[in-house]
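Quick notes on the structure that follows.
None of the figures in this text is laboratory data; all of them are computed from the coordinates on show. Note that this is a predicted model, so its numbers are computed, not measured. Positions of Cβ are backbone-derived with ideal geometry, glycine not excepted, and every protein chain shown enters the neighbour counts.
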Ligand SMILES: Cc1cc2nc3c(=O)[nH]c(=O)nc-3n(C[C@H](O)[C@H](O)[C@H](O)COP(=O)(O)O)c2cc1C
């Protein structure tokens, strides 16, 4: 006997885990979009993002970057602005993302946040970020901090993304890259490899299952109510 009388059993059927085993899995390379949050000429968050991109390519992913230079502040231009359109297309294309931001005054940079603020939760019936995987990286000028990855984790939740548990914060980032901009071997580098491995694995695991994973009971209740209202109006 059920102890949950307020749950509509008919709508609960969608929860059936058997749906997971009916999904046809795709085999193309996982598509990862890499965003970084700095416009500095020698930017360590960009260098870290590029290093992450190389590792992702090595792990079999297809990687694209967005250059935030020239992106207007949110709402300062129409969404038809070419940089905004480029960012939105990349977000739609991607199956997972990497966000790499510097820490400034204990927070992610405005450059980082502006990119996310230009990506709407819903775009022509498609949700460009919902259910996609996300890995977080930050660089610090000082000793190691986690303020920025922690904030981006909240932002990832707001964008309804699946933020992976592992993350990387590179302390005193100016010590960690050579003159050519390559990351030096270190425990920090190995950690970035760990994070990228985890991102690719979670992307393989989840990308074809979003219809099931993102299907919400409350939304099913709402659409059933809307449908019943439409039917009732027609019969009047
Ligand atoms: C205005 C300003 C504020 C900063 N605040 C912090 C901070 O709160 N914590 C920290 O670790 N580093 C701080 N830094 C150092 C930056 O994180 C560091 O320079 C980093 O390399 C900048 O990223 P980028 O190289 O990608 O531009 C600050 C730098 C600036 C210019």
Round to the nearest 10 and give me the degree value, 0 to 90, for the angle of helix 217-235's Cα axis relative to the longest principal axis of the chain. 40 degrees
Rank-order 46-56, 155-165 by packing density, defined as the average count of other C-beta atoms within 10 Å over each peptide's residues, highest first. 46-56, 155-165
Nearest-0.05 FRET efficiency for residue 117 and residue 42, computed from C-beta distance (R0 25 Å): 0.45
Inverse mean reciprocal Cα-Cα distance (Kirkwood Rh) of the stretch 1-40, Å: 15.3 Å
Tilt, helix 187-206 to longest principal axis of the chain (alpha-carbon atoms), in degrees rounded to tens, equals 20 degrees
For the chain, what does the relative contact order come out to in percent, with C-alpha contacts under 8 Å and a separation of six or more? 22 percent
Can you tell which of 216, 127, 191 shows the greatest fluctuation in a Gaussian network model of the chain with Cα springs below 10 Å? 216
So for R0 = 30 Å, FRET eff. of residue 25-residue 197 from the Cβ-Cβ r, to 0.05, ends up at 0.95
Shape call, the stretch 51-117: gyration tensor on alpha carbons, a/c limit 1.5: oblate
Assuming a ≥ b ≥ c are the square roots of the Cα gyration tensor eigenvalues, decide whether the stretch 27-235 counts as rounded (a/c under 1.5), prolate (otherwise, with a/b larger than b/c) or oblate. prolate
Spin-label pair residue 4/residue 227, simplified geometry with 7 Å Cα→Cβ offset, distance in nm: 2.0 nm
Go ahead and collect, in residue order, the members of the stretch 138-155 whose backbone nitrogen is under 18 Å from a label point 7 Å along the Cα-Cβ direction of residue 174. 139-145
Please give the helix 44-58 orientation as an angle from the longest Cα principal axis of the chain, in degrees from 0 to 90, rounded to the nearest 10. 60 degrees
Estimated [θ] at 222 nm from DSSP helical runs (n ≥ 4, -39500 (n - 2.57)) normalised by residues in the chain, nearest 500: -12500 deg cm²/dmol
What shape does the stretch 14-68 take by its C-alpha gyration tensor, where a ≥ b ≥ c are the square roots of the eigenvalues and a/c under 1.5 counts as rounded, a/b above b/c as prolate, and the rest as oblate? prolate
Rounded to a whole number, the Stokes-Einstein D of the stretch 1-149 in µm²/s (Kirkwood radius over Cα pairs; 37 °C; 0.692 mPa s) is 186 µm²/s
Taking springs between alpha-carbon atoms closer than 10 angstrom, which of 130, 138, 151 fluctuates most in the Gaussian network model of the chain? 151
Measure off 7 Å from each Cα along the Cα-to-Cβ vector at residue 211 and residue 79, then give the distance between these two points in nanometres to one decimal. 2.6 nm
In the chain, what percentage of the DSSP-assigned beta bridges are antiparallel, given to the nearest 5? 15 percent
Inter-part distance where the stretch 181-233 and the stretch 100-171 are each reduced to a Cα centre, Å: 15 Å
